[in-house]
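S.K.: So that we are looking at the same thing, I have put the structure below in structure tokens.
We did not get these values from a lab; they are worked out from the coordinates using the rules stated. Keep in mind the model is a prediction, meaning the values are calculated, not measured. Don't worry about glycine lacking a Cβ; one is built from the backbone with ideal geometry, like all the others, and counts go over all protein chains shown.
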Amino acid sequence: MSMTTPPGWYPDPSLPAVERWWDGTAWTAHTRPAGAVTQPAAVVVPPKRFGPARIAVAALVVAAVVAGAVLLRPGGGEAPEAGRPPASASAAAPAPAAPATPSAAAEPSAAPSEDGGVLTDQLNGITLPLPKGWEKDRIGVDQAPTMVTTDRYQCPAGTRQCPPGRVTSRSLASAAPTFKAMAEADVAEAAERLYGADTLGHSPYGGVVAHQVVAARETAVAGRTGYLVRWRVTTGKGPGGYVQSLVFPSPGGTEQPVAVRFAFDAVPQGPRPALMDEIVRGIRPIGSSTGGGVGSSIAPPGHG
């Protein structure tokens, strides 16, 4: 005599996370979360008048229901094959995969860092070679891209520490008709800015008291023609130094005037004035196939 699948809770074929009630003939609309523990369903044993054979069948049904309920409890394993609903309706679907733990949001990649051997002026589209013994200044002069010598010495006036070499690249707003006139006007402003009082009113060099022009010429910079003027300045305190203003059109296509300002203190540990020319020769447009300068080939500082 063939056996039918006894009524009970079985894994829903379409929703593995729930169990659905099988009434012995078909699936019903009743569901519950998978793994819920309930008492075995009561089964009414038919009356004795059905005879010994029918009683034996009923006993087998009761045993199957009890065994199925026990085995379906957590840790009880799967129901025996004889107790499963028909394969067409009750084939257990694979257990759902555990949801992946959300990973931390990927931090936005940071912007590409500048080449360690150059100082980049993004606004004006140029790079300047960074000589040995120099570093990029985090703050800069007037918030412009700036590099300074790593060595420091006590400023001529006061107890502050001064870098003997400073170079700054900045946009220049000038109504002068030529780059020569722009450079001549800018070097005076650069001397006051770099050797006069700072934004806090301190004057570590005692200000500029005199100057002498030691260089003034047209020069090629980053594929453009510009002009430079160099002064030897005398300061109120200390040995003074050299100030240079180099003005040329930006290679970025705007033709905006760019002023690169130099200040080299005339102290034994200060950079030699010839280093100014080496830096000028190493200025390149950003993205130039020849690179942004040859900072590694520029000699260490030394006053000359």
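S.K.: Please compute the net charge surrounding ARG160, taking Lys and Arg as +1 and Asp and Glu as -1 over other residues with Cβ under 11 Å from its Cβ.
M.R.: Summing Lys/Arg as +1 and Asp/Glu as -1 gives 0.
S.K.: Three principal axis extents, largest first, for the C-alpha atoms of the stretch 207-255, in Å?
M.R.: 43, 17, 12
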